[in-house]
Amino acid sequence: MALVTTKEMFAKAYDGGYAIGAFNVNNMEMIQGIVEAGKEEHAPLILQVSSGARKYANPRYLKKLVEAAVEDSGLPIALHLDHGDTFELCKSAIDDGFTSVMIDASHHSFEENIKLTSQVVKYAHDKGVVVEAELGRLAGIEDDVNVSAENAMYTDPDQVEEFVSKTGVDSLAIAIGTSHGAFKFKGDPKLRFDILEEVARRLPKFPIVLHGASSVIPEYVDIIQKNGGSMPGAQGVPEEMLRKAATLAVCKINIDSDLRLAFTAAIRKHMNENPSHFDPRQYLAPARELIKQAVKHKLVNVLGCNGKA
């Protein structure tokens, strides 16, 4: 089996009332943990690479690791560029064999967002690659994405029909109150389901994407803090809110911070309990295992895509 696009995945997810997990990857152990979880739960997967991960690991290395995961697992897996902010970056990912790209021009004006997104869509569709775009701006920090609370803004449902019709984009990331990073909220989390429902009404059967949707699993935060780390005020999106979104128009939910927390928690715990260990295999193995457990939990309890591969 070869890498796939998200088109068929999203059509099934929309009709089935579930979402596909888009998990950010940076190295071999993360890919192995995610894919092992997918195999055990028989779930489709999106493995996504940010511009920061491309710089860190080299996109060719990551692509070969993902291709090995496809060969080993037999699962439908899409390779996605997360938060590409220029035409050149998206083109490079497409030329490297990615099956899906995101052009994030949400920091531009509405008109410029349409122009840049349309340029990416034309190039991508000619190569059989699907495109995700963004309307509205999420607050928070993740790799090269850094948006202050003051500059964040909800998606305007009045713009979505024009945007999709003029760009030909395949899926749309919207801002309804999620946030990048592990420090998402001050006070009670609130997602604007009224915006999501209105967007779904205006774009029937069209796949919607949620970014910044890690739950900041308290168990992992506790492990980090008990083993020398400090994360005061870390708070994510309640999982019941994400499950509700997955039953509506949301077909793709991005998960990054929870994976970072799991990886870090396992390594901190192992090194604290085994201070003389210096073999990377000794501390990366439990990190890979905790990634697997975190992803299994998401597939079953949040996304609902277990058994859908």
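Across I176, I253, I223, mean-square fluctuation computed from a Gaussian network of the chain (C-alpha pairs under 10 Å connected) peaks at I223.
Ordering Y56, Y154, Y18, Y283 from largest to smallest accessible area (1.4 angstrom probe), what's the sequence? Write out the running numbers ahead of the final one.
Details: Y56 165, Y154 115, Y18 15, Y283 55 Å².
From most accessible down to least: Y56, Y154, Y283, Y18.
Taking 0.36 nm per intervening residue step and subtracting the Cα-Cα distance, what contour gain separates A2 from R202 on full extension? Spell out each step's value before the answer.
On the way: separation 200, 0.36 × 200 = 72.00 nm, distance 3.41 nm.
Here the segment from A2 to R202 would lengthen by 68.6 nm.
Work out how much length S109 to T247 would gain on full extension: take 0.36 nm times their residue separation and subtract the Cα-Cα distance, in nm to one decimal. All intermediate terms of the calculation are to be shown ahead of the outcome.
On the way: separation 138, 0.36 × 138 = 49.68 nm, distance 3.12 nm.
Length gained between S109 and T247: 46.6 nm.
Over the C-alpha trace of the chain, radius of gyration and Dmax come out as 18.4, 60 angstrom.
Can you compute the FRET efficiency between K64 and E239 using 1/(1 + (r/R0)^6), with r the Cβ-Cβ distance and R0 = 25 Å? Round to the nearest 0.05.
0.15
About the centre of its Cα atoms, the chain shows a dipole size close to 440 debye [charges on the beta carbon of Lys, Arg (+1) and Asp, Glu (-1) only; nearest 20 debye]. Suppose R0 equals 25 Å. What FRET efficiency, 1/(1 + (r/R0)^6) with r the Cβ-Cβ distance, do A285 and E40 give to the nearest 0.05? E between A285 and E40, to the nearest 0.05, is 0.90. Strictly over 18 Å apart at the Cα level, which of K7/K64; K12/K63; K190/K244; K12/K115; K63/K91; K55/K115 would you flag in this model? Listed pairs above 18 Å: K7/K64; K12/K63; K12/K115; K55/K115.
For the chain, the share of accessible area belonging to carbon and sulfur comes to 51 percent (1.4 Å probe, ligands and nucleic acids excluded).
With a 1.4 Å probe and all protein chains left in place, how much accessible area per residue does the chain have, in Å²? Don't jump to the answer; show the numbers that get you there.
Working: 13080 Å² over 309 residues.
That works out to 42 Å² for each residue.
Taking 14 Å as the cut-off, the amide N atoms of segment 39-79 that come nearer than this to a point 7 Å along the Cα-to-beta-carbon line of M28 belong to 61-69. Note on surface exposure: T264, T167 rank T264, T167 by accessible area, highest first, 1.4 Å probe.
The values are calculated or read from the model by the stated rules, or taken from the named source; none is laboratory data. Owing to the predicted nature of the structure, the values given are computational and were not obtained by experimental measurement. Cβ atoms come from the backbone with ideal geometry, glycine included; neighbour counts cover every protein chain shown. Side chains included, ligands, DNA and RNA excluded: accessible areas come from the protein's heavy atoms. Shrake-Rupley method; radii C 1.70, N 1.55, O 1.52, S 1.80 Å.
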